[in-house]
Amino acid sequence: MTGKNPPSNLRPETGAFFQRDRAWHPPAFTPGYKSSVLRSPRRPLLSLDNTLSEITGPVFGHDILGELDDDLIYNFAAPGKAAIGPRIIVHGRVLDERGVGVGGALLEVWQANAGGRYRHRRETYLAPLDPNFGGCGRTITAEDGSYCFRTVQPGPYPWPNGPNDWRPAHIHFSVMGHGFAQRLITQMYFEGDPMIWKCPIVRTIGDPKAVEGLTAALDMQATIPMDARAYKFDIVLRGRRSTLFENRREGN
Amino acid sequence: MAQSLERLRESASQTAGPYVHIGLTPNFCGIEGVYAADLGAAMVGEKARGDRIKVKIRVIDGAGVPLKDALVEVWQADAAGIYNSPSDQRGAADPHFFGWGRQATDMTSGECVFETIKPGRVPFFDGRPMAPHITVWIAARGINIGLHTRMYFGDEAQANAQDPVLARIEQPRAASLIAPRDGDTYSFDIHLQGENETVFFDI
Ligand SMILES: [Fe+2]
């Protein structure tokens with residue numbers, strides 16, 4: 001962990017973050033997704049301009065990463081073995097709302113195996129576990145915000161909500177940018193999947209454009225021939241206000 | 001017509017779901033050997049300055065039941081009130097205190113415990129000192145977008161009375177952010193809804 005040492009030569013930014021557009025994100029209470037009913041705050045959020053407590057955030061160095069952390073095909077597999085399923089590269093950039101690449105962002109991912117089964121004690125789906133697939137991976141973005149990992153494409157799975165609800169194939173993403181106010185968890189979907197628009201969790205989002213923003217594009221230019229196809233998934237975090245004209249006294 | 005601002009839109013949030021542990025605390029849920037330890041499990045180095053404390057957190061749903069599948073993260077300043085972050089330019093933070101922690105709530109009791117130090121005071125954006133506090137962020141199945149709140153300390157009555165953030169909250173709801181102390185442990189019950197709903201922030 002790097003603490004004060006910024007992940008690049010750029011001067012660290014100290015501005016407050018752009019206000020979050022709460023109408024773009026899903027609201028807390030979405031009865032079509034039943035779990036939200038008892039877990040949704042009902043009172044208005046308290047709006048507060050960022051203080052240092054929100055402007056700052058933990059920064060992680062590449063020293064926390066193991067060699068296979070970004071390779072879910074091999075990071076849980078027995079020696080000489082590999083996870084089963086369609087091999088894919090997931091790559092893209094973490095940007096902020098200004099279009100600036102966010103270097104040094106920690107990305108953590110988790111997913112079901114190719115049959116749609118999670119390695120978790122609460123999981124009850126009858127599809128089998130893959131003994132060589134754990135389902136977690138992580139990486140840290142390069143200075144320009146780019147990242148890449150390798151995995152197998154997860155399968156869709158049924159879940160207890162309505163009598164016959166299925167999740168589209170998806171990968172969960174956790175993102176840590178430079179400030180704790182940027183903290184974000186989301187999910188990546190796959191271009192062309194007809195299950196996306198049927199899903200009650202996807203449908204917690206009101207604007208179809210916001211869903212398109214979570215849908216990775218098949219990217220044949222980034223494939224590894226005879227090995228893995230590729231999907232491109234960019235992630236956008238909140239932008240920061242400039243501090244250029246803040247706290248500047250008269251005459252300075 | 002004018003030039004386009006060409007701003008991007010933030011990626012929309014989606015729930016962390018019931019299997020958040022696989023990604024964020026894999027050792028906790030039995031996926032061992034991928035990462036040596038779960039990130040954020042230890043916040044305090046041996047030589048960290050400040051008073052050692054424990055912070056016990058529960059997240060309680062609208063039926064009064066603690067969540068047994070929640071993920072809780074905390075972020076705080078060091079004992080001198082400095083954040084271990086490049087965006088805090090006021091000086092060097094304690095190198096033995098990282099400031100960030102992550103725990104899953106226990107699958108039986110619904111509790112999680114952070115072993116940390118008591119933070120110092122940090123200035124509000126207008127320069128007035130805020131009372132010591134810890135930022136808390138919660139993700140779980142059924143939570144569509146991560147919830148931000150703050151924990152203040154029950155034994156800081158005077159600082160709490162002058163805190164510019166607590167001052168914005170109508171009484172008695174401000175009390176929802178103040179954790180009582182018992183020995184070296186502060187207990188913070190976060191109520192997602194109901195009569196005692198905790199104050200959550202849009203920050
Ligand atoms: Fe999932």
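Coordinate-derived values only; no laboratory data. Quick caveat: nothing in here was measured; it's all calculated off a predicted structure. Cβ: placed from backbone, ideal geometry, glycine included. Neighbour counts: every protein chain shown.
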Next on the checklist: Compute and list, largest first, the equivalent-ellipsoid semi-axes of segment A:175-239 from the alpha carbon gyration tensor, each √(5λ) rounded to a whole angstrom.
Outcome noted: 24, 19, 9
Checklist entry - With +1 on each Lys and Arg Cβ and -1 on each Asp and Glu Cβ, how big is the dipole of segment B:50-120 about its Cα centre, in debye rounded to the nearest 20? => result 120
Item to check | Cα shape, segment B:39-191, gyration tensor, a/c 1.5 rule | outcome: oblate
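Based on the Cβ-Cβ distance of B:Glu6 and B:Val113, what FRET efficiency does E = 1/(1 + (r/R0)^6) give at R0 = 56 Å, to the nearest 0.05?
Working: r = 46 Å, r/R0 = 0.82.
With R0 = 56 Å, the Cβ-Cβ based efficiency is 0.75.
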Item to check | Along each principal axis, Cα extent of segment B:49-129, largest first, Å | outcome: 43, 28, 21
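Report, in deg cm²/dmol and to the nearest 500, the calculated mean residue ellipticity at 222 nm for chain A, where each DSSP H run with n ≥ 4 adds -39500 (n - 2.57) and the sum is divided by the residue count.
On the way: 2 runs with 9 residues, N = 252.
One gets -500 deg cm²/dmol as the mean residue ellipticity at 222 nm.
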Item to check | Lysine pairs in chain A with Cα atoms under 29 Å, if 8 or more residues apart or on separate chains | outcome: 6
Next on the checklist: Taking only the Cα atoms of segment A:26-163, how large is their convex hull per residue, in Å³?
Outcome noted: 173
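Using mean Cβ contacts within 10 Å as the protection proxy, how do A:30-36, A:100-106 order, highest first?
On the way: A:30-36: 18.4, A:100-106: 21.1.
By packing density, highest mean first, the sequence is A:100-106, A:30-36.
Would you mind telling me the antiparallel percentage of the DSSP bridges in segment B:39-191, rounded to 5?
Details: 28 of 37 bridges.
Antiparallel bridges: around 75 percent, rounded to the nearest 5.
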Checklist entry - So which aspartates and glutamates can B:Lys56 reach, going by Cα to Cα under 15 Å and dropping same-chain residues fewer than 8 places off? => result B:Glu73, B:Asp106, B:Glu111, B:Glu115, B:Asp182, B:Asp184, B:Asp189
Next on the checklist: Pairs of alpha-carbon atoms within less than 8 angstrom and 6+ residues apart define the contacts here; what relative contact order does segment B:39-191 have, in percent?
Outcome noted: 28
Item to check | Pairwise Cα inverse-distance average, inverted: Kirkwood Rh of the protein assembly as shown (Å) | outcome: 22.5
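Averaging the inverse of every distinct alpha carbon separation and then flipping it gives the Kirkwood radius. What is it for segment A:1-100, in angstrom units?
One over the average 1/r among Cα pairs gives 18.8 Å for segment A:1-100.
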Checklist entry - Which residue, B:Thr15, B:Thr105, B:Thr25, has the most motion in a Gaussian network model of chain B that connects Cα atoms within less than 10 Å? => result B:Thr15
Checklist entry - Rg (Å, one decimal) plus Dmax (Å, integer) for the alpha carbons of segment B:87-163? => result 15.1, 44
Checklist entry - Relative to the Cα centre, what is the charge dipole magnitude of segment B:39-191, using +1 at the beta carbon of each Lys and Arg, -1 at the beta carbon of each Asp and Glu, and rounding to the nearest 20 debye? => result 160
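Please give the direction-averaged projected area of the C-alpha convex hull for chain A, in square nanometres with one decimal.
Mean orientational projected area (chain A, Cα hull): 16.7 nm².
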Next on the checklist: Which one, B:Ile82, B:Val65, B:Thr108, projects farthest toward the positive side of the charge dipole computed for segment B:39-191 from Cβ point charges (K/R +1, D/E -1)?
Outcome noted: B:Ile82
Checklist outcome for this item: If one builds a Gaussian network model of chain B from Cα atoms under 10 Å apart, the most fluctuating residue listed among B:Ser11, B:Ser176, B:Ser85 is B:Ser11
Item to check | Of A:Glu97, A:Glu54, A:Glu67, the one that fluctuates the most in a GNM where chain A has Cα springs shorter than 10 Å | outcome: A:Glu67
Checklist entry - For the protein assembly as shown, with the dipole built from +1 on Lys and Arg beta-carbon atoms and -1 on Asp and Glu ones, taken about the Cα centre, which of B:Ala36, B:Ile138, A:Phe180 lies farthest toward the positive end? => result B:Ile138
